[in-house]
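Every number in this text was worked out from the coordinates using simple rules, so none of it is lab data. No experiment lies behind these values; they were computed from the predicted model shown. Ideal geometry is used to build each Cβ from the backbone, glycine not excepted, and the neighbour counts take in all protein chains shown.
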Amino acid sequence: MPNVPSEPPTAAASKLARRNRIVAGVVVVTFCGMVGAAYASVPLYKAFCQLTGYDGTIRKADAAPDKAIDKKLLVRFDTNIRDLPWTFTSEQASQTVKIGETGLAYFKVTNNSDKPVTGHAVYNVVPEQAAAYFQKLECFCFSDQTIGPGKTVEFPVVYFVDPKYATDFETQNKGEVTLSYTFYPAVASKQAQASQEKPASALGGTPRTGL
């Protein structure tokens, strides 16, 4: 059998190094793609939840229904704080509203620290099936809120329950829902700009302060 000449050691090493670079490149591209997809999935998931009411996320509405129906619902309010030097309370424990009727609730936040602090409220509704019908027209949770040192700010929330709530077999017999808010610290980069931001405002105007 004739002898088959082998590649010189330098050529074999060069080919191996080139193959390793290709594999490394594929791994880096794949990793970057996965990271990008993970970041993109956060706003997409939030948009999906707000559109469908999935996972107890309340939907943002553009307008209230034309009329209410003659069926009432008890709405309870829950407030929570995570890692913020704030006091956060609801000015009413609950409200009874007609389904389809616009409700107005007030919440109060006090910054107990000696510097401006920026927070962002996340929210959901229980039972989860009600989230698709519990909608808000105006809310402090739509944007970051910056509160000055020692200041108290009162935020209104304008909401309604879609009349379809009364015909859905999963919700029509549920006479009570709970709207829950939790304030978390805003992104650090935004918090660094707090001193340059306008005072917190829920409805595009000036909230009541110094309460």
*Which pairs, out of LYS136/LYS174; LYS72/LYS151; LYS71/LYS151; LYS72/LYS108; LYS67/LYS174; LYS98/LYS151, put more than 29 Å between their alpha-carbon atoms?*
LYS72/LYS151; LYS71/LYS151; LYS98/LYS151
*FRET efficiency for GLU128 and ASP66, using Cβ-Cβ distance with R0 set to 30 Å, rounded to 0.05*: 0.65
*Among ILE99, ILE147, ILE81, what is the fewest-to-most ranking by other Cβ atoms within 10 Å?*
ILE81, ILE99, ILE147
_If neighbour count is taken as other Cβ atoms inside 10 Å, put ARG82, ARG76 in order from fewest to most._
ARG82, ARG76
*For PHE169 paired with LEU104, estimate the spin-label separation in nm (one decimal), with each label point 7 Å from Cα along the Cα-to-Cβ line.*
4.0 nm
*Cβ-based exposure ranking for PHE77, PHE183, in which fewest neighbours within 10 Å come first*: PHE77, PHE183
*Does a label point 7 Å from the Cα of ARG76, set along Cα-to-beta-carbon, have any residues of segment 94-120 with amide nitrogen under 16 Å, and which are they?*
94-97
